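The values are calculated or read from the model by the stated rules, or taken from the named source; none is laboratory data. Just so it is clear, the structure is predicted and the values come from calculations on it, not from any experiment. Here the Cβ positions follow ideal geometry from the backbone for every residue, glycine too, while neighbour counts run over all protein chains shown. SASA here: full protein model, heavy atoms, side chains in, ligands and nucleic acids out. Shrake-Rupley method; radii C 1.70, N 1.55, O 1.52, S 1.80 Å.
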Amino acid sequence: MFNAQRMEADSIKLASDDMQGRVPGSDGHAAAAEYIAAQFEAAGLEPAGDDGTWYQAFEMEGPEGKPVTVRNVLGVIPGNNDEWREQSVVLSAHYDHLGLGWPDAKAGNKGQVHNGADDNASGVAVMLELARTLGKSMEPARAVVFAAFTGEEAGLQGARHY
């Protein structure tokens, strides 16, 4: 059963001013990735990123046209059918947002924290709750990958990299 209070707490955490709008390359963006990885681990998922970590790193153009290294956050419930080892179901949401108005902000809103509660923080909250619900009990035939993508506000870059 989904827990509405936990999902609300996740949304509040990710959309807080402390996360600085989660623009790629910011401290708030990195803190959000670490929070998501900790929730995946607590849910019983296995790391599915680079070199046995929770993260899949890549470089993208960030604010002011400067390159930044960012990370998708990946966890998995392994499949148990050897014949379907190469198959998976991917459940995803994106955790980045516009920060202080990058890459696009309406006139008059640049420089203000764009919290991103209504789509990406709430979407990640639902994905985390699904991971908590299934992570320790599901034994799927195919792997179930939980992917928190970044770079979505700047052209779906995290999903494309994955």
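In this structure, does residue 93 turn out to be under 24 Å from residue 130 (Cα atoms), open to solvent by less than 30 Å² (accessible area, probe 1.4 Å), assigned to a strand (DSSP E or B) and at pLDDT below 95?
On the way: under 24 Å from residue 130 (Cα atoms): yes; open to solvent by less than 30 Å² (accessible area, probe 1.4 Å): yes; assigned to a strand (DSSP E or B): yes; at pLDDT below 95: yes.
Yes: the conditions hold for residue 93.
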Report summary line: Among (1) more than 16 Å from residue 148 (Cβ to Cβ); (2) in a helix (DSSP H, G or I), residue 2 falls short only on (2)
Requested in this report: Kindly provide the set of residues from the range 117-162 that are open to solvent by less than 10 Å² (accessible area, probe 1.4 Å) and modelled with pLDDT under 90, ordered by number.
Outcome: 120, 121, 124, 125, 151, 158
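Identify, from the list 75, 79, the residue that is small (Gly, Ala, Ser) and in a strand (DSSP E or B).
Details: 79 fails: in a strand (DSSP E or B).
The conditions single out 75.
Among the residues in the range 99-114, are any open to solvent by less than 60 Å² (accessible area, probe 1.4 Å), at pLDDT 90 or above, of a type outside the set (A, V, I, L, M) and not in a strand (DSSP E or B)? Talk me through it step by step, then tell me what you get.
If we filter the range 99-114 for residues that are open to solvent by less than 60 Å² (accessible area, probe 1.4 Å), which is where we start, we get 99, 101-103, 105, 109, 111, 113-114.
Right, trim to at pLDDT 90 or above and you get none.
Checked the range 99-114: no residue is open to solvent by less than 60 Å² (accessible area, probe 1.4 Å), at pLDDT 90 or above, of a type outside the set (A, V, I, L, M) and not in a strand (DSSP E or B).
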Report summary line: Checked the range 1-37 for anything in contact with a Leu (Cβ under 9 Å, 6 or more places away or on another chain) and of a type in the set (Val, Ile, Thr); matches are 23, 36
Report summary line: residue 25 meets each of (1) under 24 Å from residue 90 (Cβ atoms); (2) touching a residue at least 12 places away in the same chain (Cβ under 8 Å); (3) open to solvent by 40 Å² or more (accessible area, probe 1.4 Å); (4) not in a helix (DSSP H, G or I) with one exception, condition (1)
Requested in this report: Return a yes/no flag: does the range 9-19 have any residue that is open to solvent by less than 30 Å² (accessible area, probe 1.4 Å) and among the acidic types (Asp, Glu).
Outcome: yes
**Report entry** Answer residue from the range 43-88, given it is touching a Lys or Arg at 6+ places or on another chain (Cβ under 6 Å) and of a type in the set (A, V, I, L, M, F, W, C) and is most open to solvent (accessible area, probe 1.4 Å) among those
**Finding:** 84
Query raised in the report: Among the residues of the range 5-19, which ones are out of contact with any Asp or Glu (no Cβ under 7 Å at 6 or more places or on another chain) and either charged (D, E, K, R) or assigned to a helix (DSSP H, G or I) (or both)?
Result: 5, 8, 9, 10, 11, 12, 13, 14, 17, 18, 19
